[in-house]
Amino acid sequence: MFGKSSIIFWGGVLLGLLVVLSVNTVSAQVPMASFLSDRSGEDEVHVVYDNGEIKQITDHKVKTLTPDWSPDGKYIVYAANIRGGENFDLRYVDMTDPANPKDKDLTGKELGVKLNVPVFAPAGDPRILVYAQTLPQGASWDVGFLTLDQGIKPGNLVNITNAEGEGINKDQGGSWSPDGTKIVFESNRDLIDDKSQFDIFIADAEGRGAGKNQLNLTNHIAPDEWARFSPDGMQIVFQSKRDGNYEIYVMDIDGENLTRLTNHEKTDRRATWSSTNVIAFETQRDGNWEVYRMDPDGNNKVNLSNHPKGDNGVIWSPKGSRILFESKRDGKREVYTMDANGGGLKNLSNNPGGNDTHPRWNPQFELRSVEPQQKVFTTLGEVKRSAFSKD
């Protein structure tokens with residue numbers, strides 16, 4: 001028979017295996033990302049798992065736009081044309097139990113306004129950035145936010161860009177700062193030489209101060225667009241046509257220290273900053289759209305996608321270790337992922353007969369997934385992560 005020490009040893013091994021299997025199961029149940037797909041007719045929201053499983057989670061058969069995850073990974077908010085006409089309302093899918101997603105109305109019945117491009121605020125901040133013609137005090141298209149009351153119920157609508165009558169023209173392209181205290185956006189409100197062009201603005205976005213201290217950061221006759229904060233919130237990367245074609249620039253959040261990061265006769269655009277302080281962008285410099293990366297000072301540019309068919313739509317994973325993007329390399333548009341260095345390429349959507357677009361990472365995927373050859377502390381001590389889901 002087994003001795004006492006042998007029983008303790010094998011009991012510990014068995015318990016350790018059960019823990020590993022349990023963590024594996026939890027990881028496998030967490031969707032990796034979401035995307036829009038027209039495989040069932042109209043664009044619908046789908047989620048994809050690390051094992052390649054794809055699940056359709058909306059079924060409205062109407063125009064559906066711009067899904068975005070809550071920071072805790074429990075909800076996906078999106079815009080849908082449920083009521084027809086030009087009415088786009090916000091809906092959400094409750095992903096608390098991924099095996100049983102629940103699609104619900106957020107604004108259509110209660111608010112009855114046209115809302116688009118919802119983006120959740122950073123973690124711990126119950127607000128959703130929106131873009132609409134019908135925000136309070138609205139004069140045109142404005143950027144504001146929808147507060148969420150207990151649970152995920154609509155609260156107040158706040159107009160940020162026209163808080164004090166500033167937004168007499170079109171405001172669009174809002175993006176949160178990492179701490180949720182500010183937004184950057186595009187506006188064509190300031191005429192230069194009697195011409196309208198988009199400039200990059202910054203504004204406060206907290207509480208009663210939302211919309212205060214609006215500042216035109218670029219103030220140039222050429223279009224300035226697609227502004228995104230650096231990971232520390234102290235710089236802004238954007239695209240500008242001020243040198244004849246779209247190039248990528250960076251500046252401080254007060255508009256100072258403007259620096260040109262790209263210099264090419266072909267278009268460079270839609271730069272996004274990773275949490276690891278790397279910038280990815282789209283470019284046509286190789287004859288078609290490709291995904292590049294570069295250092296924050298513009299050095300060390302690398303073609304990550306490197307394919308004769310178009311690749312664009314870059315989305316960094318929360319930890320900056322992976323990239324989601326769209327590619328036409330298999331015929332129609334599909335969702336791919338790759339490592340931050342261009343390796344580990346994988347077709348996630350696998351739908352050659354349709355179009356798959358607008359991918360977004362589940363913020364909780366990397367937190368619940370683990371990497372090989374590392375360790376995790378448990379009540380049993382340290383267990384190697386070699387058997388866990390790979391990031």
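The numbers here are math on the coordinates, done by the rules we state, and not lab data. Treat the numbers as computed from the prediction; the structure is a model and nothing was measured. Note that each Cβ is placed from the backbone with ideal geometry, even for glycine, and that neighbours are counted across all protein chains shown.
By other beta-carbon atoms within 10 Å, ranking V130, V48 with the fewest at the front produces V48, V130.
Let me check against my output: what whole-number percent is the relative contact order of the chain, with C-alpha pairs under 8 Å and at least 6 apart? 11 percent. Hull volume per residue, based on the alpha-carbon atoms of the chain and their convex hull, is 168 Å³. Relative to the longest principal axis of the chain, what angle (0 to 90°, nearest 10) does the C-alpha long axis of helix 4-29 take? The answer is roughly 30 degrees.
Which of the three applies to the range 158-246, rounded, prolate or oblate, going by the alpha-carbon gyration tensor with a ≥ b ≥ c and a/c under 1.5 meaning rounded? Walk me through the numbers on the way to the answer.
Values: a/c = 2.65, a/b = 1.27, b/c = 2.09.
It comes out oblate by the Cα gyration axes.
In whole Å and largest first, what semi-axes does the C-alpha gyration tensor of the range 69-208 yield when each eigenvalue is scaled by 5 and square-rooted? Write out the running numbers ahead of the final one.
Values: eigenvalues 153, 58, 30 Å².
Over the Cα atoms of the range 69-208, the semi-axes work out to 28, 17, 12 Å.
In terms of overall dimensions, the C-alpha atoms belonging to the range 83-158 reach 42, 31, 18 Å along their principal axes, ordered largest to smallest.
For the range 128-193, the calculated P(r) over all alpha carbon pairs, in 10 Å bins from 0 to the bin holding the longest distance, is 23, 49, 23, 4, 1 percent.
Evaluating 6.51 cos²θ - 1.76 cosθ + 1.60 at θ = phi - 60° for every residue in the range 123-140, the Karplus couplings come out as 3, x, 10, x, 9, 10, 5, 9, 9, 7, 8, 10, 6, x, 6, x, 10, 7 Hz, glycine and proline recorded as x.
Build a GNM of the chain with springs between Cα atoms under 10 Å: which of T337, T66, T96 gets the top mean-square fluctuation? Highest fluctuation of the listed residues: T96. In sequence order, the range 73-82 has phi-based couplings of x, 8, 9, 10, 9, 7, 9, 9, 8, 4 Hz under the Karplus curve 6.51 cos²θ - 1.76 cosθ + 1.60, θ = phi - 60°, and Gly or Pro positions carry x. In terms of overall dimensions, the range 236-353 has a Cα radius of gyration and Dmax of 14.3, 48 angstrom.
Mind listing which GluC sites (Glu not before Pro) in the range 198-274 are in a DSSP loop and have 12 or fewer other Cβ atoms within 10 Å? All intermediate terms of the calculation are to be shown ahead of the outcome.
Details: sites: E206, E225, E247, E256, E265; in loops: E206, E256, E265.
Those satisfying the criteria are E256, E265.
Panel order for I248, I82, I168, by other beta carbons found within 10 Å of each beta carbon, from fewest to most: I168, I82, I248.
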